[in-house]
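The values are calculated or read from the model by the stated rules, or taken from the named source; none is laboratory data. Because the structure is predicted, anything quoted here is derived from the model rather than measured. Note: ideal-geometry Cβ built from the backbone for every residue, glycine included; neighbour counts use all protein chains shown. Keep in mind that these areas ignore ligands, DNA and RNA; they rest on the heavy atoms of the full protein, side chains included. Shrake-Rupley method; radii C 1.70, N 1.55, O 1.52, S 1.80 Å.
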There are 2 protein chains.
Amino acid sequence: MSVTAAQGFTASGIAAGIKENGNPDLALVVNNGPRLAAAGVFTSNRVKAAPVLWSEQVLKGGQVSAVILNSGGANACTGPKGFQDTHATAEKVAAVLDVNAGEVAVASTGLIGVLLPMDKLLPGVESAAAQLSAHGGEKAAIAIKTTDTVHKTSVHTGDGWSVGGMAKGAGMLAPGLATMLVVLTTDADLDSETLDRALRAATRTTFDRVDSDGCMSTNDTVLLLASGASAVTPRYAEFAEAVRAVCDDLGQQLIRDAEGASKDIKIEVVNAASEDDAVEVGRSIARNNLLKCAIHGEDPNWGRVLSAIGTTGAAFEPDQLNVAINGVWVCKNGGVGEDRELVDMRYREVHIVADLAAGSETATIWTNDLTADYVHENSAYSS
Amino acid sequence: MSVTAAQGFTASGIAAGIKENGNPDLALVVNNGPRLAAAGVFTSNRVKAAPVLWSEQVLKGGQVSAVILNSGGANACTGPKGFQDTHATAEKVAAVLDVNAGEVAVASTGLIGVLLPMDKLLPGVESAAAQLSAHGGEKAAIAIKTTDTVHKTSVHTGDGWSVGGMAKGAGMLAPGLATMLVVLTTDADLDSETLDRALRAATRTTFDRVDSDGCMSTNDTVLLLASGASAVTPRYAEFAEAVRAVCDDLGQQLIRDAEGASKDIKIEVVNAASEDDAVEVGRSIARNNLLKCAIHGEDPNWGRVLSAIGTTGAAFEPDQLNVAINGVWVCKNGGVGEDRELVDMRYREVHIVADLAAGSETATIWTNDLTADYVHENSAYSS
């Protein structure tokens, strides 16, 4: 279903030969209208890939006719030639679909610092256009995979309208944004300002709080396209919740497929003085390599949680901190709490609650354990 | 030689039974004067171990008669009882040596959240005192090891005076401070204010720039004790350089013995607009897990260097960044530079130069690669 669950969209996914192994590597998503409204959020990394620089400009217009996405190369740190390649890709899509190139978003993922094989990519655009289908969402989702072991899609159905989406991402997952490439589509009849508001609200508490390995990508892109094909204009709150639900579902799929991970860790910071404090503490815990190793070893090492909290500027008193791991309050008032032997860590899901005892705000950050498989996968990725 | 290289100091290291495996776990360093001047710097983690809370108060007086250090338990996050135990340890040392307990510094290292076995530690203090020797420096250095594979000592000899020291630390190494426990001694005739000035200047560019795994400890302690026994008062610049040299040497030993590491990575940030910018960028690179995995795989993945630089607030333009790995400028002007195949990464030492092209300031951060051995060691540490 994916990006073609909503009416008014066609999609395709093909193997253009960008990946040397012959796997699918080029996806095309087309909005057939009647509306072409769109919103986007992008990586906050100051080193931005060429397609991010291009698509940021496209999205300023609030209209997107098509999105072309490739795996097999990030087109990041590729200089003026890289930007020319992105531009040429958008022009090619525009020519083949007879749309305005300024309304074609481009997204790329893969190794940084390598130029794309344009001699394969440009003919691939023609093949992708020829295979566009109202049932092409799944093939598109498959074509954007890199080290992903599964493709990720999600759909939320409203009353006469729906929101669907696809995502890729398995490494270099960190806030601002947390994911790599995401395309969401809806047939709701909404303008780009409404889409932008709903998308920013949704990503702030979903993708932005998925922090698998603390590494921020140069290519993160999340797009939301509306065709208006359902002719239904849902209430904002209802629509925003649908977008949030799809983003949350896709974010969870990213965590569950994170490179080399054997544990999915939910870090819930409670009783913080502010939401910012809660997020800062959650991220600090999520990025503590020693804790991530301990969780991998099924060791409820709450001392490493406290040492991570202690590096933040959040409001708290060290002797009032409480930590629960999988329901057992192993740390109370900054010291030894319930017996750590009571903590059952056999399952993939691990739930850490950090109670700052400083207020009433809360935030949840998702991360993974740190494993030898992660090291292996990322020490061999570019070779 | 270690802490007993300088005149006026005795030391010992014994097995008190704190470690279950029977290895040495208690070290005592005594300043026999005539001076008892001292300075100390401690972890900036807000969750501080009991011995840090205690020793910070002791050092405020500028006088230290003795330092008692144990491995086998950090006495961190141990509540009021943990602080009482630290206090009782200092009192015991004071009674045995007939000194003021307010001049006894305490340092601990090991697992967080576990009370020390005081029934073993207190009798151990008597044994350690009985074995004090002007040749005990090496035994003291051995007794403070945890996961260290080797003990670390360093000596700098001046004209009629010297500075010596010992260090332990192999994991949880990150700035503010970068190390675990360090004791430096000198027989130079200097007051505590001079020691403090020299120690802060030295740690700022040595231990504070060793960032093995980004995790800040609850127990980091660096002490500098002066006996005045040489009756020589060196010029400040000469003394400060001696302290810096010993700290630098010990910091390098920490990096070379970091848990599971197979590569020592020197990250030199040049042409920064400010030293703060250079340090921020260096730390960001040092903490990028994806880059650390790539280095482990002997992959000169400069794209991961750029994506790390891009997460900082330092002054730079993305299209002016240059990166060299082991002497090869693999990234020029933010894009592809010299052939990455030219980079020889067979050796343990890896040298990354990040040129921000934004000024003339520089800073060097030391880190390690991320390996499966690191994961293994830290997933099994507390079990």
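State the antiparallel share, in %, of DSSP beta bridges confined to the protein assembly as shown, rounding to the nearest 5. Here the share of antiparallel DSSP bridges comes out near 70 percent.
As an equivalent ellipsoid, region B:57-199 spans semi-axes of 24, 19, 16 angstrom, where each value is the square root of five times an eigenvalue of the C-alpha gyration tensor, largest first. For A:D98 and A:D119, the FRET efficiency from 1/(1 + (r/R0)^6), where r spans their Cβ atoms and R0 equals 30 Å, is about 0.80.
Rounded to the nearest 5, what % of DSSP beta bridges with both residues in region B:264-379 are antiparallel? Beta bridges within region B:264-379, antiparallel portion: roughly 70 percent.
Accessible-area loss of 50 Å² or more (1.4 Å probe, protein heavy atoms, chain alone versus all protein chains) is found in region A:267-299 for A:N289, A:L290, A:C293. Determine the distance separating the Cα centre of region B:320-335 from the Cα centre of region A:275-307; give it in Å without decimals. If we compute the Cα centre of each part, the gap is 34 Å.
Where both bridge residues fall in chain A, DSSP classifies roughly 70% of the beta bridges as antiparallel. Taking B:T233, B:T109 and ordering them by how much accessible surface each has at a 1.4 Å probe, largest first, produces B:T233, B:T109. From its DSSP helices (H runs of at least four residues, each -39,500 (n - 2.57)), chain A gives a residue-normalised ellipticity at 222 nm of -10000 deg cm²/dmol.
For chain B, the fraction of C-alpha pairs more than 41 angstrom apart is 16%.
Approximating the spin labels as points 7 Å out from Cα along Cα→Cβ, the B:D319-to-A:H87 distance works out to 1.0 nm.
Using the Cβ-Cβ distance between B:E338 and B:E20 with R0 = 51 Å, the FRET efficiency computed as 1/(1 + (r/R0)^6) comes to roughly 0.45. Counting only other chain Cβ atoms within 10 Å of each residue's Cβ, the peptide B:212-218 averages 5. In region B:300-315, burial by the other protein chains removes 20 Å² or more of 1.4 Å probe accessible surface, compared with the chain on its own, from B:N301, B:W302, B:G303, B:R304, B:L306, B:S307, B:G310, B:T311. When the accessible areas of A alone and B alone are added and the area of the pair subtracted, with a 1.4 Å probe, the result is around 3900 Å², both sides summed. Across the cross-link table entries A:K292/B:K292; B:K168/B:K292; A:K81/B:K266, which are compared at the Cα atoms, the separations over 21 Å belong to B:K168/B:K292; A:K81/B:K266.
Rolling a 1.4 Å probe over the heavy atoms of the protein chains gives the protein assembly as shown an accessible area of 34 Å² per residue. In region A:10-59, burial by the other protein chains removes 30 Å² or more of accessible area from A:N45, A:R46, A:V47, compared with the chain on its own (1.4 Å probe, ligands and nucleic acids ignored). The alpha-carbon positions of region B:264-379 define a convex hull whose volume is 88 Å³ per residue. Does region B:238-306 come out rounded, prolate or oblate, given a ≥ b ≥ c as the square roots of the eigenvalues of its C-alpha gyration tensor, rounded meaning a/c under 1.5 and, failing that, prolate meaning a/b above b/c? Oblate. The stretch between A:S262 and A:A130 holds 43.5 nm of extra length on full extension. This uses 0.36 nm per residue minus the Cα-Cα distance. Here A:E56 and B:Y347 are evaluated by their C-beta separation; at R0 = 45 Å the FRET efficiency comes out at 0.60.
With every protein chain in place and a 1.4 angstrom probe, the accessible-area ranking of A:L28, A:L59, largest first, reads A:L59, A:L28.
The phi torsions of region B:317-333, fed into the Karplus equation with coefficients 6.51, -1.76 and 1.60 and a -60° offset, translate into couplings of 10, x, 8, 10, 6, 10, 9, 10, 10, 6, x, 9, 7, 6, 10, 10, 6 Hz, rounded to whole numbers, with Gly and Pro shown as x. Taking all protein chains together and rolling a 1.4 Å probe, A:Y374 ends up with roughly 10 Å² accessible.
Over chain A, with every protein chain in place, what whole percent of the accessible area is carbon and sulfur at 1.4 Å, could you tell me?
Ligands and nucleic acids excluded, carbon and sulfur reach 48 percent.
Surface calculation, 1.4 Å probe, protein heavy atoms: B:F83 sits at approximately 80 Å² accessible.
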